[in-house]
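The values are calculated or read from the model by the stated rules, or taken from the named source; none is laboratory data. Because the structure is a prediction, the values reported are computed rather than measured. Backbone-built Cβ (ideal geometry, glycine too); neighbour counts: all protein chains shown. Heads up: the accessible areas ignore ligands, DNA and RNA and are worked out on the full protein's heavy atoms, side chains in. Shrake-Rupley method; radii C 1.70, N 1.55, O 1.52, S 1.80 Å.
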Amino acid sequence: YEGKLTKALAEPVEALLDSASEDTWPAIRKLLQRETKAAVSGLESAISTFELDEATEKELLLRLENHGRSVVESKAREEAARILIRMKDRFLTLFSRDADSMPRVWTGKEDIKAITKTARSASMKLLSTMAAIRLDEDGDNIDTTLSLALVDAARPGTTDRSIQSLDPLASSSWERVPEERTLISPVQCKSLWRQFKAETEYTVTQAIAAQEANKRNNNWLPPPWALAAMAVLGFNEFMTLLRNPFYLAVMFVVFLVGKAIWVQLDIANEFRNGFLPALLSLSTKFVPTIMNILKRLADEGAAPAAPERQRETE
């Protein structure tokens with residue numbers, strides 16, 4: 001019956017601890033009570049035929065109940081020993097994937113700061129869940145303490161002097177939590193959080209760099225200050241164009257030819273592969289593209305003349 005109880009508790013408890021939410025320990029308590037009750041009932045029926053005295057029977061039943069609690073506590077200590085790995089896995093899952101579990105593409109529209117905050121809060125919830133064994137319904141303030149010390153205290157706008165002057169994690173024990181039920185002490189939580197942030201900072205930096213690179217690739221316009229400078233410094237040239245419409249006609253023709261060359265060479269896609277490969281590719285395609293455009297213009301200009309000559313011949 002101890003073996004059956006171990007099998008019924010070990011994997012479900014591990015799955016519940018991995019989910020790490022406010023309902024984790026209440027769900028574990030409910031699971032422990034249900035499975036222990038079923039095991040005790042089965043053992044009680046099984047030993048009823050052995051004609052044991054009442055004290056021995058109670059001792060066996062109590063031993064089975066304690067075995068269930070020891071299984072949960074042992075599994076909780078195993079999970080607490082690898083809490084840093086669990087925290088990093090949770091952070092990377094929430095940071096690198098969207099709500100549909102699809103990999104994020106940093107196009108420049110994502111709020112990296114908000115995504116980072118959400119992923120770190122989920123990792124902190126996991127740390128709070130694994131900090132102590134809560135098989136009894138005694139309340140504790142571990143979650144609040146970690147939030148104040150690790151999240152609120154890091155905000156630049158924090159003005160609460162009690163938070164700034166007193167570090168709630170500068171202790172070796174939690175308030176209202178016995179030492180035998182403590183898995184991760186406050187000081188250890190602070191050290192783990194510092195290491196967790198250091199090991200996940202590179203992921204955030206890479207996302208910011210990818211977002212900035214994507215913005216630069218998609219933004220072909222000069223910065224606003226350059227546009228303003230061109231408008232001010234080019235005022236005289238603009239007035240010259242207005243006084244002489246011939247310049248406008250020439251610029252219009254140049255624009256049409258330039259746009260045709262841009263489309264034919266597909267310059268936007270070429271530069272996505274890198275600056276140097278784009279230059280090499282464009283240098284080989286530039287002259288054939290110009291010749292192709294001139295040939296098409298010549299063909300279109302000669303096409304209307306053919307019917308006219310045919311009518312003159314008739």
Under-5 Å amide H pairs with residue 171, H placed in peptide plane, nonlocal only: 187
So, R0 is 22 Å and r is the distance between the beta-carbons of residue 19 and residue 175; what FRET efficiency does that work out to, to 0.05? 0.30
Coarse-grained scattering of segment 243-287 at q = 0.22, 0.23, 0.27 Å⁻¹, given as base-10 log I(q)/I(0) from a Debye sum over alpha-carbon atoms: -0.73, -0.76, -0.90
Mind checking which of 207, 192, 282 is farthest towards the positive end of the chain's charge dipole, using Cβ charges of +1 (Lys, Arg) and -1 (Asp, Glu) about the Cα centre? 282
Note the per residue figure in Å³ for the convex hull of the C-alpha positions in segment 1-106. 108
Ignoring ligands, DNA and RNA, what percent of the accessible area of segment 224-300 is carbon or sulfur (1.4 Å)? 74
Three principal axis extents, largest first, for the C-alpha atoms of segment 112-153, in Å? 39, 18, 12
Determine the share of segment 57-208's accessible area contributed by carbon and sulfur atoms, expressed in whole percent, with a 1.4 angstrom probe. 51
With θ set to phi - 60° and the Karplus curve 6.51 cos²θ - 1.76 cosθ + 1.60, what are the ³J(HN,Hα) couplings of segment 97-113 in order, to the nearest whole Hz, using x for Gly and Pro? 10, 8, 5, 9, 6, 9, x, 6, 10, 7, 7, x, 9, 7, 8, 5, 4
In the structure displayed, which of 30/58; 7/125; 113/259; 75/113; 215/295 lie more than 30 Å apart, Cα to Cα? 113/259; 75/113; 215/295
Student exercise, the chain dipole from Lys, Arg, Asp, Glu Cβ charges, in Debye to nearest 20: 1600
Radius of gyration, Dmax [segment 37-95; alpha carbons; angstrom]: 19.3, 61
Using only the Cα atoms, work out Rg/Rh for the chain, with Rh taken as the Kirkwood radius, to two decimals. 1.33
Assuming R0 = 30 Å, what is the FRET efficiency of residue 37 and residue 140, from their Cβ-Cβ distance, to the nearest 0.05? 0.70
Work out from phi, with θ = phi - 60° and the Karplus expression 6.51 cos²θ - 1.76 cosθ + 1.60, the ³J(HN,Hα) of each residue of segment 199-206, listed in order in whole Hz, and give x for Gly and Pro. 7, 9, 5, 5, 4, 5, 4, 5
Angle between the chain longest axis and helix 2-19 axis [Cα atoms, degrees, rounded to 10]: 30
Would you please calculate the Kirkwood hydrodynamic radius of segment 224-300 over all C-alpha pairs and express it in Å, rounded to one decimal? 15.2
